[in-house]
């Protein structure tokens, strides 16, 4: 009985080891535009055929690149970058500053800069969901370009 269990476990281990074989992977690069202008302030999320996700932040000219993506069908979502809020603290130490649960009334808030006109603020919300975005392609090459102009 023990030999049968050991043999079954060994066969299962070998079968599972085969699932982890290296799949061909490639590099994706390109440009994302929004109404003909480079999109900025966004991150692309690539959902690969091996269910791994890969992200690439868009540069100021709308370009991106990401490595190590498994060949096969790729679904894409576009995630807007969240604006950062800036708090200017009082430089002088005080008892209130030492007690982190107390709010320093001398601190001032500076609002974040407005999103650029070509930023993600105007993008339709369906682009944030890879299943509904309509953005997909087949990765077949070791170095493949994928570019799009969002409407």
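The values are calculated or read from the model by the stated rules, or taken from the named source; none is laboratory data. Just so we're clear, the structure is a prediction, and the values are computed from it rather than from any experiment. Don't worry about glycine lacking a Cβ; one is built from the backbone with ideal geometry, like all the others, and counts go over all protein chains shown.
What to note about this one:
Table: residues versus (1) at pLDDT below 55; (2) farther than 21 Å from residue 124 by Cα.
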| residue | (1), (2) |
| --- | --- |
| 31 | no, no |
| 69 | no, yes |
| 79 | no, no |
| 86 | no, yes |
| 90 | no, yes |
| 103 | yes, yes |
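- Residue 115 in contact with a helix residue (DSSP H, G or I) (Cβ under 6 Å, 6 or more places away or on another chain), surrounded by 12 or more Cβ atoms within 10 Å (Cβ to Cβ) and either modelled with pLDDT of 95 or more or at negative phi (or both): yes
- Selection count where residues are assigned to a loop (DSSP other than H, G, I, E, B), touching a strand residue (DSSP E or B) at 6+ places or on another chain (Cβ under 6 Å) and more than 17 Å from residue 125 (Cβ to Cβ), scope segment 37-54: 3
- Any hit, segment 33-44, residues being surrounded by fewer than 10 Cβ atoms within 10 Å (Cβ to Cβ) and at pLDDT 90 or above: yes
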